[in-house]
Amino acid sequence: MTETVHAPPTPTTAPLAGFTVAVTAARRADELAAMLRRKGAEVVAAPALRIVPLSDDQRLAAVSSELARRPADVVVATTGIGFRGWVEACETWGTVEPLLASLRTSRLLARGPKAKGAIRAAGLTEEWSPPSESSAEVLDYLLATGVQGLRVAIQLHGEPLPDFTAALRLAGADVVEVPVYRWTPPEDTAPLDRLIEAVTTGGVDAVTFTSAPAAAGLLARARTNGQADALVSALRGDVLAMCVGPVTARPLMAQDIPTVWPGRARIGAQVRKLTEELPNRFPTLDVAGHRLRLRGHAVLVDGTVHTLSPTLMRLMRELARRPGQVRDRAHLLTCLGEDADAHAVETAVARLRTALGDSRIIQTVVKRGYRLALDTPDCAATP
């Protein structure tokens, strides 16, 4: 058997050291990846979608002209980038002044601070914005204030909002949908295919999602590749699905995939939440006078990162699965691959001891197998 050369161990306080995190975002992907790397993570990035601005789209032009002629009573800005894109598109057509004049006569609602900032940047003033940045709260506000007979324009954020618009129509509103941009599959799908393979083969510990279309796009690409079952199984199992908010999580939740998101829908909050959640999914053990913290592809020994090959990491996880209990050689052999011979376990354990920096961490139990040398006596029971 051949093993990769281990990088020299280095001390760290980075909370995501030893983890590999996938980034599926198309917009602000570099910013998110940089945040994750500053927390110590290795990053695998591939956009699960492509944002297509609709500056030359006839439908957006037609809707904008109609609103300029017949202003809406209420206009809802759902995203900052979408509202700015709408104004910029009208600038390219030379119709921005009629649109802004129309919007000045409308009640403007902003779904969050970024949408509010875009409204103000256009020289307009919002009537109200929810503290939760939630579309549901915007809908509740509209229904509470009454929309019967009103014309309500909704700036979409990449995909339809069927529940939102249906509720308004049922309440008697004339709803105008403003499609500012749309999502499509990436032009080059090879990076996304590699990301899916990494997720399904255990090379990724968490996948980050910053939009519902990105989550849906990843699932759709996996279906195209025949990897849907493997991807869903991985996300239901050891791979954490970390979303920026509950709306983003919906396509995953529809597949019964457990999801986690922060209290505030911001990528900074998403990264902070990930630094809390991901390490807690792996055990911390007191072994042979050391504090061991398992990670996706490394072990922290007293705060020092010891990066392991995939084979040695599988062996380490198996020893830690039942800490202190003896794992027999035949069972450990299954961690080393189909080509491993009878002596592979002894060789792998020797390499693992060297990689961890202290041979006492793994005890040999004569004629039986190996176990972690836990410091707590009552945890060192044998099967």
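The values are calculated or read from the model by the stated rules, or taken from the named source; none is laboratory data. Please read these numbers as outputs of a predicted model, since none were measured by experiment. Here the Cβ is made from the backbone with ideal geometry for all residues, glycine too, and neighbour counts use every protein chain on show. The protein model used for the area step is the full one, side chains on, heavy atoms only, and it has no ligands, DNA or RNA in it. Shrake-Rupley method; radii C 1.70, N 1.55, O 1.52, S 1.80 Å.
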Give the percent of DSSP beta bridges with both residues in the chain that are antiparallel, rounded to the nearest 5.
45 percent
Which of Leu300, Leu100, Leu274 ends up with the largest GNM mean-square fluctuation for the chain, with Cα atoms connected below 10 Å?
Leu100
To the nearest Å², the heavy-atom accessible area per residue of the stretch 78-189 with 1.4 Å probe amounts to 45 Å²
Using Cα centres only, tell me the gap between the stretch 157-231 and the stretch 81-101 in whole Å.
27 Å
Order His157, His343, most accessible first, counting only protein heavy atoms with a 1.4 angstrom probe.
His343, His157
So what is the accessible area of the stretch 208-299 per residue, in Å², with the probe set to 1.4 Å?
42 Å²
Per the charge dipole of the chain (beta-carbon charges, Lys/Arg positive, Asp/Glu negative, Cα centre), the residue among Gly18, Thr259, Ala171 reaching farthest to the positive end is Gly18
Given only helices, namely DSSP H runs of n ≥ 4 each adding -39500 (n - 2.57), what is the per-residue ellipticity at 222 nm of the chain, to the nearest 500 deg cm²/dmol?
-12500 deg cm²/dmol
Can you classify the stretch 202-317 as rounded, prolate or oblate using the Cα gyration tensor, where a ≥ b ≥ c are the square roots of its eigenvalues, rounded means a/c under 1.5, and otherwise it's prolate if a/b beats b/c and oblate if not?
oblate
Accessible surface ranking that places the most exposed of Met35, Met313 first, with a 1.4 angstrom probe:
Met35, Met313
Between Asp140 and Lys367, what is the FRET efficiency for a Förster distance of 51 Å, r being their Cβ-Cβ separation, to the nearest 0.05?
0.15
Would the stretch 26-75 count as rounded, prolate or oblate if I go by the C-alpha gyration tensor, calling it rounded below 1.5 in a/c and otherwise prolate when a/b exceeds b/c, oblate otherwise?
prolate
Of the heavy-atom accessible surface of the chain (probe 1.4 angstrom), what whole percent is carbon and sulfur?
50 percent
Take the Cβ-Cβ distance between Ser233 and Thr347 as r, set R0 to 41 Å, and report the resulting FRET efficiency rounded to the nearest 0.05.
0.85
Contact order normalised by length for the stretch 149-208, with contacts defined as Cα pairs under 8 Å and 6 or more residues apart; what percent is it?
35 percent
Checking Ala101, Ala288, Ala77 against a Gaussian network model of the chain (alpha-carbon springs below 10 Å), the top fluctuating residue turns out to be Ala101
What FRET efficiency do you get for Thr95 and Thr284 if R0 is 45 Å and r is their Cβ-Cβ distance, rounded to the nearest 0.05?
0.15
Additional length obtainable on full extension of the chain from Arg321 to Arg182, 0.36 nm per residue less Cα span:
45.5 nm
